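Take a look at the structure set out below.
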Amino acid sequence: MIPPRLEEAESRVAAMGDPDRSWQETCDRLAVVGKSLTGPDFPGTEVDQVDGVLHVAEQTLCWMGWSLFHADPRRPVFQRQNDLITQWGGPNADNVYRHARVEPGRRYRITGRMHSCEEFVLAVRAGFMHQATWGTLVEITGTDLGLRPGDDIDILVGDGGQVPLPDGALTVSIREYYFDWQEDEPANFVIECLDADTTVPAERTDPSELASRLSEAVDGVEVSVEYWNRYMREHREAHVDNVFAPTFGLPKGLDAARYGFCFWDLGPDDALVAEIPRPVARYWAFQLYELAWFELLDITERQTSLNHTQLAVDADDRIRIVVSHRDPGVANWLDAADRRHGMLHFRCFWADEAPTPQTQIVPIDDLASVLPSDTVRIDTATRADTMTARRRHLAWRFRT
(Lines give C-alpha, C1' and ligand atoms only; values in the text may rest on other atoms or scores of the structure.)
Protein backbone atom coordinates (compact mmCIF):
# COMPACT_ATOMS: atom_id res chain seq x y z
CA MET A 1 0.00 0.00 0.00
CA ILE A 2 1.36 3.44 -0.96
CA PRO A 3 1.67 5.78 2.07
CA PRO A 4 -0.86 8.68 1.76
CA ARG A 5 1.79 11.42 1.52
CA LEU A 6 3.76 9.54 -1.14
CA GLU A 7 0.56 8.83 -3.06
CA GLU A 8 -0.33 12.53 -2.88
CA ALA A 9 3.14 13.53 -4.10
CA GLU A 10 2.94 11.08 -7.02
CA SER A 11 -0.47 12.48 -7.91
CA ARG A 12 0.95 15.99 -8.06
CA VAL A 13 3.86 14.89 -10.25
CA ALA A 14 1.42 13.17 -12.59
CA ALA A 15 -0.63 16.36 -12.79
CA MET A 16 2.35 18.47 -13.88
CA GLY A 17 1.70 18.04 -17.60
CA ASP A 18 -2.10 17.98 -17.51
CA PRO A 19 -3.89 21.33 -16.82
CA ASP A 20 -7.24 19.64 -16.25
CA ARG A 21 -5.74 17.24 -13.73
CA SER A 22 -3.87 20.10 -12.05
CA TRP A 23 -7.12 21.98 -11.57
CA GLN A 24 -8.93 18.87 -10.29
CA GLU A 25 -6.10 18.26 -7.81
CA THR A 26 -6.45 21.87 -6.65
CA CYS A 27 -10.20 21.58 -6.14
CA ASP A 28 -9.82 18.27 -4.28
CA ARG A 29 -7.30 19.76 -1.86
CA LEU A 30 -9.48 22.82 -1.25
CA ALA A 31 -12.41 20.52 -0.50
CA VAL A 32 -10.30 18.83 2.18
CA VAL A 33 -9.56 22.23 3.73
CA GLY A 34 -13.28 23.00 3.84
CA LYS A 35 -14.03 19.64 5.41
CA SER A 36 -11.45 20.27 8.14
CA LEU A 37 -13.57 23.13 9.49
CA THR A 38 -15.96 20.59 11.02
CA GLY A 39 -13.13 19.04 13.06
CA PRO A 40 -12.70 19.39 16.83
CA ASP A 41 -9.92 21.98 16.54
CA PHE A 42 -12.25 24.56 14.97
CA PRO A 43 -15.27 26.35 16.49
CA GLY A 44 -18.30 24.10 16.30
CA THR A 45 -21.40 26.26 15.97
CA GLU A 46 -23.17 26.64 12.65
CA VAL A 47 -22.51 30.38 12.56
CA ASP A 48 -18.80 29.79 13.25
CA GLN A 49 -18.67 27.28 10.40
CA VAL A 50 -20.21 29.85 8.06
CA ASP A 51 -17.41 32.23 9.09
CA GLY A 52 -14.94 29.42 8.44
CA VAL A 53 -16.19 28.80 4.90
CA LEU A 54 -15.97 32.53 4.19
CA HIS A 55 -12.43 32.55 5.59
CA VAL A 56 -11.35 29.65 3.34
CA ALA A 57 -12.85 31.50 0.37
CA GLU A 58 -10.85 34.62 1.35
CA GLN A 59 -7.65 32.58 1.67
CA THR A 60 -8.26 30.99 -1.71
CA LEU A 61 -8.66 34.44 -3.28
CA CYS A 62 -5.52 35.69 -1.52
CA TRP A 63 -3.11 32.84 -2.25
CA MET A 64 -4.40 32.07 -5.74
CA GLY A 65 -3.76 35.70 -6.58
CA TRP A 66 -0.29 35.65 -5.04
CA SER A 67 0.94 32.37 -6.49
CA LEU A 68 -0.65 32.53 -9.94
CA PHE A 69 -0.41 36.22 -10.80
CA HIS A 70 2.44 37.60 -8.64
CA ALA A 71 4.93 34.80 -9.27
CA ASP A 72 7.56 36.49 -11.45
CA PRO A 73 10.16 38.66 -9.63
CA ARG A 74 11.22 40.09 -13.00
CA ARG A 75 7.79 41.67 -13.46
CA PRO A 76 6.67 42.50 -9.93
CA VAL A 77 3.34 44.13 -9.11
CA PHE A 78 2.18 44.89 -5.57
CA GLN A 79 -0.63 42.66 -4.36
CA ARG A 80 -2.86 44.13 -1.65
CA GLN A 81 -3.53 41.66 1.14
CA ASN A 82 -5.12 41.90 4.59
CA ASP A 83 -7.60 44.48 3.37
CA LEU A 84 -11.36 44.34 4.01
CA ILE A 85 -11.50 40.86 2.45
CA THR A 86 -8.28 38.82 2.29
CA GLN A 87 -7.41 38.75 5.99
CA TRP A 88 -5.02 36.46 7.83
CA GLY A 89 -2.64 36.65 10.78
CA GLY A 90 -4.09 39.60 12.72
CA PRO A 91 -4.12 42.48 10.21
CA ASN A 92 -3.91 46.01 11.57
CA ALA A 93 -7.07 48.10 11.10
CA ASP A 94 -4.89 51.17 10.50
CA ASN A 95 -2.84 49.61 7.70
CA VAL A 96 -2.84 48.86 4.02
CA TYR A 97 -0.57 45.90 3.29
CA ARG A 98 1.18 45.40 -0.06
CA HIS A 99 3.53 42.61 -1.16
CA ALA A 100 5.64 42.16 -4.28
CA ARG A 101 7.82 39.21 -5.17
CA VAL A 102 11.52 40.01 -5.58
CA GLU A 103 14.77 38.15 -6.17
CA PRO A 104 18.22 38.78 -4.63
CA GLY A 105 20.76 40.05 -7.15
CA ARG A 106 18.20 42.20 -8.93
CA ARG A 107 17.50 45.92 -8.48
CA TYR A 108 14.04 47.43 -8.06
CA ARG A 109 12.61 50.92 -7.99
CA ILE A 110 9.51 51.85 -5.96
CA THR A 111 7.80 55.12 -6.87
CA GLY A 112 4.55 56.77 -5.93
CA ARG A 113 3.14 59.47 -3.67
CA MET A 114 2.34 59.54 0.04
CA HIS A 115 -0.91 61.53 -0.30
CA SER A 116 -2.64 61.15 3.13
CA CYS A 117 -0.48 58.24 4.34
CA GLU A 118 1.18 59.31 7.59
CA GLU A 119 3.82 56.57 7.82
CA PHE A 120 4.85 53.32 6.20
CA VAL A 121 7.16 50.44 6.98
CA LEU A 122 8.98 48.86 4.05
CA ALA A 123 10.21 45.37 4.96
CA VAL A 124 12.26 42.90 2.95
CA ARG A 125 11.04 39.48 4.02
CA ALA A 126 12.07 35.86 3.66
CA GLY A 127 8.44 34.71 3.63
CA PHE A 128 5.13 35.05 5.45
CA MET A 129 4.87 34.16 9.14
CA HIS A 130 2.85 30.98 8.66
CA GLN A 131 5.35 29.56 6.15
CA ALA A 132 8.24 27.27 7.02
CA THR A 133 10.78 29.98 6.11
CA TRP A 134 9.94 33.54 7.07
CA GLY A 135 11.29 36.63 8.80
CA THR A 136 12.04 40.32 8.40
CA LEU A 137 15.49 40.80 6.84
CA VAL A 138 15.44 44.60 6.43
CA GLU A 139 13.00 47.28 7.61
CA ILE A 140 12.90 51.01 6.99
CA THR A 141 10.15 53.59 7.55
CA GLY A 142 8.94 56.53 5.54
CA THR A 143 10.22 58.73 8.37
CA ASP A 144 13.67 57.16 8.03
CA LEU A 145 13.58 58.18 4.37
CA GLY A 146 12.40 61.71 5.20
CA LEU A 147 8.94 61.21 3.68
CA ARG A 148 5.81 62.97 4.90
CA PRO A 149 2.17 63.07 3.73
CA GLY A 150 1.97 64.51 0.23
CA ASP A 151 5.60 63.72 -0.69
CA ASP A 152 6.71 61.88 -3.81
CA ILE A 153 8.22 58.42 -3.28
CA ASP A 154 11.36 57.18 -5.05
CA ILE A 155 13.17 54.24 -3.41
CA LEU A 156 15.86 51.97 -4.83
CA VAL A 157 15.93 48.38 -3.55
CA GLY A 158 19.03 46.24 -4.12
CA ASP A 159 22.69 47.01 -4.72
CA GLY A 160 23.46 50.72 -4.29
CA GLY A 161 19.94 51.55 -3.11
CA GLN A 162 18.51 52.80 0.18
CA VAL A 163 17.20 49.29 0.87
CA PRO A 164 19.48 46.23 0.49
CA LEU A 165 18.15 42.94 -0.85
CA PRO A 166 19.98 40.19 1.06
CA ASP A 167 20.12 36.49 0.30
CA GLY A 168 16.87 34.74 1.13
CA ALA A 169 14.66 37.70 0.26
CA LEU A 170 11.30 36.70 -1.22
CA THR A 171 9.15 39.81 -0.93
CA VAL A 172 9.18 43.53 -0.47
CA SER A 173 6.26 44.33 1.82
CA ILE A 174 4.79 47.73 2.64
CA ARG A 175 2.52 48.56 5.57
CA GLU A 176 0.90 51.96 5.14
CA TYR A 177 -0.35 53.68 8.31
CA TYR A 178 -3.46 55.86 8.50
CA PHE A 179 -3.74 57.28 12.00
CA ASP A 180 -6.31 60.01 11.47
CA TRP A 181 -9.10 58.39 9.47
CA GLN A 182 -9.95 61.12 6.96
CA GLU A 183 -11.70 61.10 3.59
CA ASP A 184 -8.61 61.68 1.50
CA GLU A 185 -6.42 60.12 -1.16
CA PRO A 186 -4.38 57.13 0.12
CA ALA A 187 -0.80 56.40 -0.89
CA ASN A 188 0.11 54.72 -4.14
CA PHE A 189 3.18 52.53 -4.69
CA VAL A 190 4.50 51.15 -8.00
CA ILE A 191 7.41 48.71 -8.23
CA GLU A 192 9.54 47.87 -11.28
CA CYS A 193 12.52 45.61 -11.83
CA LEU A 194 15.38 47.68 -13.29
CA ASP A 195 17.45 44.85 -14.77
CA ALA A 196 14.82 42.66 -16.43
CA ASP A 197 14.42 42.74 -20.20
CA THR A 198 10.81 43.90 -20.43
CA THR A 199 11.16 44.63 -24.16
CA VAL A 200 10.42 40.94 -24.67
CA PRO A 201 6.90 39.93 -23.58
CA ALA A 202 6.60 37.28 -20.90
CA GLU A 203 6.08 33.78 -22.20
CA ARG A 204 2.72 32.09 -21.85
CA THR A 205 2.36 29.89 -18.78
CA ASP A 206 3.07 26.25 -19.63
CA PRO A 207 1.32 23.24 -18.01
CA SER A 208 4.12 22.41 -15.56
CA GLU A 209 4.38 26.03 -14.39
CA LEU A 210 0.61 26.19 -13.93
CA ALA A 211 0.71 23.01 -11.84
CA SER A 212 3.56 24.38 -9.71
CA ARG A 213 1.79 27.69 -9.08
CA LEU A 214 -1.52 26.02 -8.28
CA SER A 215 0.21 23.69 -5.84
CA GLU A 216 1.92 26.64 -4.12
CA ALA A 217 -1.40 28.48 -3.91
CA VAL A 218 -3.17 25.58 -2.20
CA ASP A 219 -0.19 25.18 0.11
CA GLY A 220 -0.83 28.79 1.11
CA VAL A 221 -4.49 28.12 1.86
CA GLU A 222 -3.84 24.90 3.77
CA VAL A 223 -1.02 26.28 5.89
CA SER A 224 -2.68 29.63 6.61
CA VAL A 225 -5.97 28.11 7.77
CA GLU A 226 -4.29 25.51 9.97
CA TYR A 227 -1.49 27.73 11.32
CA TRP A 228 -3.52 30.71 12.46
CA ASN A 229 -6.22 28.62 14.08
CA ARG A 230 -3.55 26.75 16.03
CA TYR A 231 -1.72 29.99 16.85
CA MET A 232 -4.84 31.54 18.40
CA ARG A 233 -5.83 28.35 20.21
CA GLU A 234 -2.37 27.84 21.75
CA HIS A 235 -2.05 31.46 22.86
CA ARG A 236 -5.44 31.32 24.53
CA GLU A 237 -4.68 28.01 26.25
CA ALA A 238 -1.43 29.48 27.60
CA HIS A 239 -3.14 32.43 29.30
CA VAL A 240 -6.16 33.36 31.40
CA ASP A 241 -9.29 34.75 29.75
CA ASN A 242 -10.06 38.45 30.35
CA VAL A 243 -6.46 39.16 31.42
CA PHE A 244 -3.69 40.66 29.26
CA ALA A 245 -0.54 38.63 28.92
CA PRO A 246 2.64 40.77 29.14
CA THR A 247 3.38 42.75 26.00
CA PHE A 248 6.00 41.17 23.77
CA GLY A 249 8.07 41.64 20.64
CA LEU A 250 7.84 39.09 17.85
CA PRO A 251 11.12 37.36 16.96
CA LYS A 252 11.80 37.84 13.24
CA GLY A 253 8.98 40.43 13.11
CA LEU A 254 9.26 44.21 12.99
CA ASP A 255 11.75 45.66 15.48
CA ALA A 256 9.40 48.56 16.23
CA ALA A 257 6.43 46.41 17.19
CA ARG A 258 5.18 45.36 20.63
CA TYR A 259 1.95 43.39 21.09
CA GLY A 260 -0.43 42.37 23.85
CA PHE A 261 -3.16 39.68 23.79
CA CYS A 262 -6.28 39.41 25.95
CA PHE A 263 -8.80 36.69 25.12
CA TRP A 264 -12.26 37.60 26.33
CA ASP A 265 -15.16 35.56 27.63
CA LEU A 266 -18.10 37.97 27.88
CA GLY A 267 -21.70 37.29 28.76
CA PRO A 268 -24.40 39.50 27.23
CA ASP A 269 -24.33 41.95 30.17
CA ASP A 270 -20.59 41.87 30.88
CA ALA A 271 -18.09 44.61 30.13
CA LEU A 272 -14.33 44.17 29.90
CA VAL A 273 -12.51 47.35 31.01
CA ALA A 274 -8.85 47.66 29.98
CA GLU A 275 -6.62 50.45 31.27
CA ILE A 276 -3.10 51.71 30.55
CA PRO A 277 -1.09 54.86 31.19
CA ARG A 278 -0.79 56.82 27.96
CA PRO A 279 2.16 55.18 26.16
CA VAL A 280 5.22 57.20 25.20
CA ALA A 281 5.09 56.00 21.61
CA ARG A 282 4.41 57.19 18.08
CA TYR A 283 1.54 54.76 17.62
CA TRP A 284 -0.71 52.53 19.71
CA ALA A 285 -4.10 50.92 19.18
CA PHE A 286 -6.66 48.45 20.53
CA GLN A 287 -8.40 46.14 18.05
CA LEU A 288 -10.75 43.12 18.19
CA TYR A 289 -10.29 39.78 16.42
CA GLU A 290 -12.11 36.52 15.79
CA LEU A 291 -10.55 33.48 17.43
CA ALA A 292 -10.05 30.79 14.80
CA TRP A 293 -9.38 32.99 11.82
CA PHE A 294 -7.41 35.88 13.42
CA GLU A 295 -9.46 38.27 11.31
CA LEU A 296 -10.51 41.72 12.46
CA LEU A 297 -14.08 41.95 13.61
CA ASP A 298 -15.95 44.11 11.09
CA ILE A 299 -14.26 47.53 11.11
CA THR A 300 -16.72 48.97 8.59
CA GLU A 301 -20.03 48.28 10.33
CA ARG A 302 -18.85 48.20 13.94
CA GLN A 303 -16.40 50.15 16.08
CA THR A 304 -13.90 47.37 16.64
CA SER A 305 -10.67 49.39 16.56
CA LEU A 306 -9.38 52.64 18.05
CA ASN A 307 -5.90 54.09 17.71
CA HIS A 308 -3.96 56.80 19.55
CA THR A 309 -5.59 59.63 17.56
CA GLN A 310 -9.10 58.27 18.17
CA LEU A 311 -8.92 57.25 21.84
CA ALA A 312 -10.06 59.71 24.52
CA VAL A 313 -7.48 60.21 27.30
CA ASP A 314 -8.78 60.71 30.84
CA ALA A 315 -7.68 63.60 33.05
CA ASP A 316 -5.24 61.33 34.93
CA ASP A 317 -3.41 60.71 31.61
CA ARG A 318 -4.68 57.15 31.42
CA ILE A 319 -6.65 55.40 28.70
CA ARG A 320 -9.61 53.20 29.54
CA ILE A 321 -11.53 51.22 26.96
CA VAL A 322 -14.69 49.14 27.29
CA VAL A 323 -15.39 45.95 25.32
CA SER A 324 -19.02 44.83 25.46
CA HIS A 325 -21.95 43.61 23.40
CA ARG A 326 -24.07 46.69 24.11
CA ASP A 327 -23.04 50.29 23.54
CA PRO A 328 -22.41 51.82 26.98
CA GLY A 329 -22.31 55.35 25.60
CA VAL A 330 -18.59 55.94 26.21
CA ALA A 331 -16.27 57.20 23.49
CA ASN A 332 -13.70 54.42 24.03
CA TRP A 333 -16.09 51.54 23.32
CA LEU A 334 -15.19 48.48 21.24
CA ASP A 335 -18.07 46.38 19.96
CA ALA A 336 -17.71 42.65 20.74
CA ALA A 337 -19.95 42.03 17.71
CA ASP A 338 -22.08 39.30 19.29
CA ARG A 339 -19.04 37.09 19.98
CA ARG A 340 -19.00 35.41 23.37
CA HIS A 341 -15.27 34.86 22.84
CA GLY A 342 -12.63 36.81 20.95
CA MET A 343 -9.29 38.58 21.28
CA LEU A 344 -8.60 42.15 22.39
CA HIS A 345 -5.28 43.08 20.81
CA PHE A 346 -2.95 45.90 21.91
CA ARG A 347 -0.31 47.33 19.57
CA CYS A 348 2.42 49.77 20.63
CA PHE A 349 5.02 50.80 18.04
CA TRP A 350 8.14 52.97 18.22
CA ALA A 351 7.75 53.10 21.99
CA ASP A 352 10.08 53.98 24.87
CA GLU A 353 8.22 51.29 26.82
CA ALA A 354 5.12 49.24 26.00
CA PRO A 355 2.85 48.92 29.07
CA THR A 356 0.75 45.84 29.76
CA PRO A 357 -2.93 46.81 30.06
CA GLN A 358 -4.76 45.94 33.27
CA THR A 359 -8.30 44.54 33.02
CA GLN A 360 -11.43 43.88 35.02
CA ILE A 361 -14.88 42.46 34.27
CA VAL A 362 -17.89 44.41 35.53
CA PRO A 363 -21.63 44.37 34.79
CA ILE A 364 -22.20 46.83 31.98
CA ASP A 365 -24.80 48.68 34.05
CA ASP A 366 -22.17 49.26 36.79
CA LEU A 367 -19.52 50.86 34.55
CA ALA A 368 -19.90 54.20 36.32
CA SER A 369 -18.43 52.62 39.45
CA VAL A 370 -15.08 51.89 37.74
CA LEU A 371 -14.78 54.72 35.17
CA PRO A 372 -13.67 58.25 36.10
CA SER A 373 -16.32 60.93 36.32
CA ASP A 374 -14.66 62.77 33.40
CA THR A 375 -14.98 59.76 31.04
CA VAL A 376 -15.94 61.06 27.59
CA ARG A 377 -19.46 59.96 26.79
CA ILE A 378 -21.33 60.15 23.49
CA ASP A 379 -24.93 59.77 22.45
CA THR A 380 -26.51 57.60 19.76
CA ALA A 381 -26.40 60.32 17.11
CA THR A 382 -22.70 60.99 17.69
CA ARG A 383 -21.94 57.27 17.50
CA ALA A 384 -23.78 57.09 14.18
CA ASP A 385 -21.76 60.05 12.87
CA THR A 386 -18.55 58.36 13.99
CA MET A 387 -19.46 55.17 12.14
CA THR A 388 -20.33 57.12 8.99
CA ALA A 389 -16.91 58.79 9.10
CA ARG A 390 -15.20 55.39 9.55
CA ARG A 391 -17.00 53.92 6.54
CA ARG A 392 -16.15 56.91 4.35
CA HIS A 393 -12.46 56.76 5.26
CA LEU A 394 -12.28 53.02 4.59
CA ALA A 395 -14.01 53.53 1.23
CA TRP A 396 -11.27 56.00 0.31
CA ARG A 397 -8.46 53.86 1.68
CA PHE A 398 -9.53 50.64 -0.05
CA ARG A 399 -11.30 52.14 -3.06
CA THR A 400 -14.56 50.33 -2.27
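Points worth noting:
- The set of residues from segment 63-116 being of a type in the set (D, E, K, R) and either modelled with pLDDT under 95 or part of a loop (DSSP other than H, G, I, E, B) (or both) comprises D72, R74, R75, D83, D94, E103, R106, R107.
- Looking at V172, V121, just one residue is closer than 19 Å to G220 by Cβ, of a type in the set (V, I, T) and assigned to a strand (DSSP E or B), and that residue is V172.
- Residue within segment 321-332 that is closer than 22 Å to A257 by Cα and outside the structural domain of D41 (by TED's automatic domain parsing) present: yes
- Condition broken by G89, with the remaining ones in (1) surrounded by 21 or more Cβ atoms within 10 Å (Cβ to Cβ); (2) within 12 Å of the chain's Cα centre (by Cα); (3) more than 19 Å from G142 (Cα to Cα) satisfied: (1)
- Here E234 meets the list (1) closer than 30 Å to M343 by Cβ; (2) in a helix (DSSP H, G or I); (3) in contact (Cβ under 8 Å) with a residue 12 or more places away in the chain almost entirely, failing just condition (3).
- Segment 278-289 residues that are free of Cβ contacts under 8 Å to residues at least 24 places away in the same chain, paired with ones that are buried (at least 22 other Cβ atoms within 10 Å of the Cβ) and part of a strand (DSSP E or B) (beta carbon under 8 Å, 6 or more apart): none
- In segment 202-231, residue surrounded by the most Cβ atoms within 10 Å (Cβ to Cβ) [restricted to those that are modelled with pLDDT of 95 or more and among the basic types (K, R)]: R213
- Residue in segment 93-100 that is over 27 Å from L306 (Cα atoms) and either acidic (D, E) or touching a residue at least 40 places away in the same chain (Cβ under 8 Å) (or both) present: yes
- Residue under evaluation T199, criteria (1) surrounded by 15 or more Cβ atoms within 10 Å (Cβ to Cβ); (2) more than 23 Å from the chain's Cα centre (by Cα); (3) part of a loop (DSSP other than H, G, I, E, B), criterion not met: (1)
- Screening segment 26-49 for residues that are touching a residue at least 60 places away in the same chain (Cβ under 8 Å) and more than 28 Å from A211 (Cα to Cα) and picking the one that is surrounded by the fewest Cβ atoms within 10 Å (Cβ to Cβ) gives D41.
- Scanning segment 138-166 for residues that are within 25 Å of the chain's Cα centre (by Cα), not in a loop (DSSP other than H, G, I, E, B) and not charged (D, E, K, R) yields V138, I140, T141, I153, I155, V157, V163.
- Output for segment 293-317, where each listed residue is under 16 Å from the mean Cα position of the chain (by Cα) and touching a residue at least 40 places away in the same chain (Cβ under 8 Å): W293, F294, E295, L296, L297, I299, T300, T304, S305, N307
- Residue among R347, R320 that alone is surrounded by 15 or more Cβ atoms within 10 Å (Cβ to Cβ), among the charged types (D, E, K, R) and without any contact (Cβ under 8 Å) to a residue 60 or more places away in the chain: R320
- Qualifying residue in segment 28-51 (condition: more than 29 Å from F294 (Cα to Cα), hydroxyl-bearing (S, T, Y) and either part of a helix (DSSP H, G or I) or modelled with pLDDT under 95 (or both)): no
- Residue satisfying condition, being over 30 Å from D197 (Cα atoms) and of a type in the set (A, V, I, L, M, F, W, C), within set I110, I85: I85
The values are calculated or read from the model by the stated rules, or taken from the named source; none is laboratory data. All of these numbers come straight from a predicted model, not from anything done at the bench. As a convention, Cβ positions derive from the backbone with ideal geometry for all residues, glycine included, and neighbour counts pool all protein chains shown.
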